[in-house]
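In what follows, a single structure is set out as structure tokens and then discussed.
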């Protein structure tokens with residue numbers, strides 16, 4: 001199904017994403033994963049801003065070009081379902097590990 005690369009014990013990976021007005025906002029990469037049978041790569045990010053809602057999580061398809069990362073909005077419903085299913089599985093596994 002999907003191959004997860006989650007490093008919660010490591011230093012968090014921080015990326016900067018420009019908003020509609022060109023202001024860069026800081027986000028922590030929660031997880032990166034690839035879907036079997038596809039070359040597409042995905043990442044889930046959450047705002048670092050302490051005023052942001054804790055439940056704000058955003059998903060992007062991404063491509064790496066050297067040290068740069070290009071993010072793409074997921075617009076296809078089938079692609080979104082795969083990303084959502086993978087993230088929900090990750091959350092369920094984290095909850096089980098935390099004893100919730």
Which one of these is assigned to a strand (DSSP E or B) and out of contact with any helix residue (DSSP H, G or I) (no Cβ under 6 Å at 6 or more places or on another chain): 15, 82? 15
Of the residues in region 18-32, those that are part of a strand (DSSP E or B) and free of Cβ contacts under 8 Å to residues at least 24 places away in the same chain number 5
Scan region 88-100 and tell me whether some residue there is touching a strand residue (DSSP E or B) at 6+ places or on another chain (Cβ under 6 Å) and without any contact (Cβ under 8 Å) to a residue 40 or more places away in the chain. no
Are any residues in region 40-57 surrounded by 12 or more Cβ atoms within 10 Å (Cβ to Cβ) and either touching a residue at least 40 places away in the same chain (Cβ under 8 Å) or more than 21 Å from residue 10 (Cβ to Cβ) (or both), and if so, which ones? 40, 42, 44, 52
Looking only at region 35-69, count every residue that is under 16 Å from residue 16 (Cα atoms) and in a loop (DSSP other than H, G, I, E, B) and tell me the total. 7
For region 9-39, how many residues are over 16 Å from the mean Cα position of the chain (by Cα), surrounded by 10 or more Cβ atoms within 10 Å (Cβ to Cβ) and under 23 Å from residue 84 (Cα atoms)? 1
Considering only region 41-52, I want to know if a residue exists there that is in contact with a helix residue (DSSP H, G or I) (Cβ under 8 Å, 6 or more places away or on another chain) and at pLDDT 90 or above. yes
Residues of region 58-79 being at pLDDT below 90 and in contact with a helix residue (DSSP H, G or I) (Cβ under 9 Å, 6 or more places away or on another chain), in sequence order, are none
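The values are calculated or read from the model by the stated rules, or taken from the named source; none is laboratory data. It should be emphasised that the depicted structure is a prediction, and the values quoted were computed from it without experimental measurement. When we count neighbours, we look across all protein chains shown, and the Cβ atoms used for this are built from the backbone with ideal geometry, even at glycine.
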